Amino acid sequence: MSVTPHPKFPGAWIIRWYPEGRKKDPKTGKASNKRERLVFEGTYAEAMAQYADLLQSAKKPATTLAPTLEQAWEDFCSYYKNHVSESTYRDYLATWGKHLKPFFGQYRPAHLTQTLVEKYKTLRATQKTVRGDFPTKKTVTKELCYISSMCTWMARPEIGKAKPLSFKIKGYSGRQIKAPLAQVPSRREIILLIRHAEREYRPIFLLCYYGGLRKNEALTLRGENVNFSQGYMIVYGKGGKERIVPIFRKLRVYLRKRYTRGLLFVNPATEKEYVDFRKALKRAADKAGLEQHVYMHLLRHSFGTHSIQSGIGLRTLQILMGHSSSQVTEIYTTLAGQYLGQEIDKFGRGALRQLKRPGKP
């Protein structure tokens, strides 16, 4: 039979089929072309449906067979490494090895369907992470974006490894993956957090808070981009976008101590840039008595929120944080509850002034 149970894994099936259609040898009557073997996980009915789809594609005129995603992976890595940030590339490599390759690796782009994508989403919802929780919908959507990028690259005219997909790989909708509003600590709590951080990490935390920098922006900051005489630094953000950030006075001392040509922050153990600060930040938060969950981007959120509370205008804050749209910056007005309270008080004061002026509407 063409669909048989897998001998080792319950719930898995072996599908055998001819990608170019079965061709007979006129002398022997046996098949003259190679038959492919595909492992499919699911019910028997789903396996038969997958087999029917494969037979349907085999009836089409014979063309050059596209490579599987696993076969195209090495060439795609060479391209992808040069077009995304280092952190994104590292995450892609880890995700490919753990999740994408075992599920999608044996498929060619023409064999992908939205049903298969939905099956992947269902599978990932049952797999726990190292921390013991389940992956978020945002994480799964990001993983599917990696597969979509691979298929798009394979279909590019200059690459010519496969035909474009007949459908768009859909992850979860924007409403489903929208992150909840951050719980921003007070200014005093952030200062306590930084004070309790180890000296090795304190300058990086200060840079993210007093400069509003993202973690990668702080780690890639170079000495030649810091101008002490005029009091600014040149920061390269997402997509290589360049912006000028003023050096807050409390940052000057720490930056001068680290000032050198090249990267300012290098891990002394590996002599390469740092990768993760979660443990160091967690230790500092425990010493400072912060009970809420802390992470590096929370320092940037705190910068934006506390800037609004201090009276810094939205347009100025947008430039400082490197947002391409003011709508992104406006979220910090929501986080700054005190700021909103002060703004609505202006309405009340204006109404009182009108009452004190009789005879005027």
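The values are calculated or read from the model by the stated rules, or taken from the named source; none is laboratory data. The structure presented is a predicted model; accordingly, all values stated were derived computationally and were not measured. Cβ placement follows ideal geometry from the backbone for every residue including glycine, while neighbour counts extend to all protein chains displayed.
Remarks
- Residue check for Thr260: modelled with pLDDT of 90 or more, out of contact with any Cys (no Cβ under 6 Å at 6 or more places or on another chain) and polar (S, T, N, Q): no
Each row is one residue, and each column tells you yes or no for (1) in the same structural domain as Tyr18 (by TED's automatic domain parsing); (2) assigned to a helix (DSSP H, G or I); (3) under 24 Å from Arg16 (Cα atoms).
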position	(1), (2), (3)
Thr88	no, yes, no
Gly97	no, yes, no
Leu100	no, yes, yes
Glu118	no, yes, yes
Lys121	no, yes, no
Val130	no, no, no
Thr141	no, yes, no
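- Residue ID - nearest to Gly240 (Cα to Cα), chosen from residues in the stretch 84-136 that are among the β-branched types (Val, Ile, Thr) and surrounded by 14 or more Cβ atoms within 10 Å (Cβ to Cβ): Val84
- The lone exception for Val275 - which of (1) among the aliphatic types (A, V, I, L, M); (2) part of a helix (DSSP H, G or I); (3) farther than 23 Å from Leu317 by Cα it fails: (2)
- Residue selected from the stretch 237-251 under the condition in a loop (DSSP other than H, G, I, E, B) and closer than 22 Å to Val275 by Cα, by the criterion nearest to the chain's Cα centre (by Cα): Gly237
- Near pairs, Cβ below 7 angstrom, 6+ apart or cross-chain, from the stretch 247-272 (more than 19 Å from Arg199 (Cβ to Cβ)) to any residue that is of a type in the set (A, V, I, L, M, F, W, C): Ile247/Met233; Ile247/Leu255; Lys272/Val266
- Among the residues here, Ala197 does not qualify as crowded, with 16+ Cβ neighbours inside 10 Å, over 24 Å from Glu70 (Cα atoms), modelled with pLDDT under 90 and not β-branched (Val, Ile, Thr).
- Those residues of the stretch 156-180 which are more than 23 Å from the chain's Cα centre (by Cα) and not aliphatic (A, V, I, L, M), in sequence order: Arg156, Pro157, Glu158, Gly160, Lys161, Lys163, Pro164, Ser166
- Filter result for the condition that a residue is in the same structural domain as Ile308 (by TED's automatic domain parsing), of a type in the set (A, V, I, L, M) and either closer than 25 Å to Leu335 by Cβ or surrounded by fewer than 14 Cβ atoms within 10 Å (Cβ to Cβ) (or both), over Leu207, Leu221: Leu207
- Failed item in (1) outside any helix (DSSP H, G or I); (2) of a type in the set (Phe, Trp, Tyr); (3) modelled with pLDDT of 95 or more, with Phe134 passing the rest: (3)
- Residue check, Lys282 in contact with a His (Cβ under 8 Å, 6 or more places away or on another chain), modelled with pLDDT of 90 or more and in a helix (DSSP H, G or I): no
- So Gly289, is it small (Gly, Ala, Ser) and under 24 Å from the mean Cα position of the chain (by Cα): no
Residue-by-condition table, conditions (1) modelled with pLDDT under 90; (2) outside any strand (DSSP E or B):
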site: Leu181; (1), (2): yes, yes
site: Ile190; (1), (2): no, yes
site: Glu224; (1), (2): no, yes
site: Val235; (1), (2): no, no
site: Tyr254; (1), (2): yes, yes
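- Thr113 vs. criteria modelled with pLDDT under 95 and over 30 Å from Thr220 (Cβ atoms): yes
- Checked against the criterion of being out of contact with any Phe, Trp or Tyr (no Cβ under 7 Å at 6 or more places or on another chain), modelled with pLDDT of 75 or more and farther than 19 Å from Thr113 by Cα, the candidates Glu74, Glu46, Glu20, Glu41 yield just one match: Glu74.
- Restricting the first member to the stretch 1-13 and to residues that are outside the structural domain of Leu38 (by TED's automatic domain parsing), and the second to residues that are assigned to a loop (DSSP other than H, G, I, E, B) and surrounded by 10 or more Cβ atoms within 10 Å (Cβ to Cβ), no beta-carbon pair is closer than 8 Å while six or more apart or on different chains.
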